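Undergrad: Below is the structure I would like to discuss, written out as structure tokens.
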Amino acid sequence: MDAFEGEGVFDACMEAVQFVGTTLSQFFLNDPSTGAIDAGLAAMAALDVDAAADEWPFADEPEARCALALMHEGALQREADGGEAMKWEYRRLFVGPQSLPAPPWGSVYTDRDCVVFGESTIALRSWMRARGIERLNDEKDPEDHIGLVLAMAAWLAEEKSELVGEFLRLHVLPWSGHLLEQLEAAAEHPFYKGLASIARTSLSGMRDAFGLEVVEPRFYR
């Protein structure tokens, strides 16, 4: 709490972390063809981009506007084409079976062998266990999936706010910017290009808001 002027500012920051994490994590974690994120995609299709960019937390307004405009464009495209392009782009980026152009797990970039369930996954799992934090999903996905860490940040902001800064500094910020840059470059659908961009700039803004000193690891991919 030292990075904030008072309890009210801290609470507002936690609410902003919840908003960003909850809003963005669903799009990283769910195939758009399943119906699980229909409400979120409809909201993006109806978005007033300028108003949303002006209010988006942790991001400079011009960066937020560009990213949200891409997501808005992509959501409108989905309504126009029935969602086929977005469905196949999600699977190309996050599912496979082909090699993923920008895998969504931190350990793929920070582990010497570029594997899932690597060192960053094990470190995060140990950190969670030591603090009595349960997984937010089933056992299939490694905990250092970009969507899961955004969801975890939102959960911590509501349930264990004193841990948010430590979680971001140790287990998200060291690799998330690098991953999201790779994803933004790899994305061909405007929705996912915008999603990577707004997530990257939001997490960077959290780092500044919390005054966090982050040690960047060596990247092997």
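Undergrad: Under a crude label model (7 Å from the Cα following the beta-carbon direction), how far is Asp54 from Glu79 in nanometres?
TA: About 2.2 nm separates the two model spin labels.
Undergrad: What's the magnitude of the charge dipole for the chain around its Cα centre, counting Lys and Arg as +1 and Asp and Glu as -1 at the beta-carbon? Answer in Debye, nearest 20.
TA: 920 debye
Undergrad: Okay, next question. With all pairs of different alpha carbon atoms counted, what Kirkwood hydrodynamic radius in Å does the range 1-131 show?
TA: 17.4 Å
Undergrad: If the elastic network links every pair of Cα atoms under 10 Å, which of Ala64, Ala42, Ala157 fluctuates the most in the Gaussian network model of the chain?
TA: Ranking Ala64, Ala42, Ala157 by mean-square fluctuation puts Ala42 first.
Undergrad: Enter the accessible area of Phe219 (Å², nearest 10), with the probe set to 1.4 Å and all protein chains included.
TA: The value for Phe219 is about 50 Å².
Undergrad: Here's a follow-up. For the chain, what number results from the quotient of the Cα radius of gyration and 2.2 N^0.38 Å?
TA: 0.98
Undergrad: Here's something else I'd like to know. Could you state how much accessible area Cys114 has, in square angstrom rounded to the nearest 10, with a 1.4 Å probe and all protein chains kept in place?
TA: Its accessible surface works out to 50 Å², give or take rounding.
Undergrad: Now a separate question. Among Leu179, Leu76, Leu195, which one shows the biggest mean-square fluctuation in a GNM of the chain, springs joining Cα atoms closer than 10 Å?
TA: Among Leu179, Leu76, Leu195, the largest GNM mean-square fluctuation belongs to Leu76.
Undergrad: For the range 48-141, with all protein chains present and a 1.4 Å probe, just round the carbon and sulfur fraction of the accessible area to a whole percent.
TA: Solvent-exposed carbon and sulfur of the range 48-141 make up 51 percent of the total.
Undergrad: Something else about it: Which distance in Å, rounded to a whole number, links the C-alpha centroids of the range 6-84 and the range 189-210?
TA: 10 Å
Undergrad: Run the simple label-point estimate for Glu159 and Trp127 please: 7 Å along Cα→C-beta, distance reported in nm.
TA: 1.6 nm
Undergrad: Right, here's the next one. Got a sec? Charge dipole of the chain, +1 on Cβ for Lys and Arg, -1 for Asp and Glu; which of Ala39, Leu163, Ser176 is way out at the positive end?
TA: The Cα lying farthest towards the positive end belongs to Ser176.
Undergrad: How much area per residue is accessible in the range 63-150 when the probe is 1.4 Å and only protein heavy atoms are counted (Å²)?
TA: Spelled out: the 1.4 Å probe surface of the range 63-150, per residue, equals 50 Å².
Undergrad: Please list the helices of the chain that count as membrane-span-like by this rule: a mean Kyte-Doolittle hydropathy of at least 0.0 together with Cα atoms stretching 27 Å or more along the helix axis, each helix being a complete DSSP H run.
TA: Membrane-span-like by this criterion, though nothing is claimed about a membrane: 7-29, 190-210.
Undergrad: Among Ala51, Gln98, Met128, whose Cα projects farthest towards the positive end of the dipole of the chain, with charges put on the beta-carbon of Lys, Arg (+1) and Asp, Glu (-1)?
TA: Gln98
The values are calculated or read from the model by the stated rules, or taken from the named source; none is laboratory data. This structure is a prediction, so every number in the text was calculated from the model and none was measured. As a convention, Cβ positions derive from the backbone with ideal geometry for all residues, glycine included, and neighbour counts pool all protein chains shown. Ligands, DNA and RNA are excluded from the accessible area calculation, which covers all protein heavy atoms including side chains. Shrake-Rupley method; radii C 1.70, N 1.55, O 1.52, S 1.80 Å.
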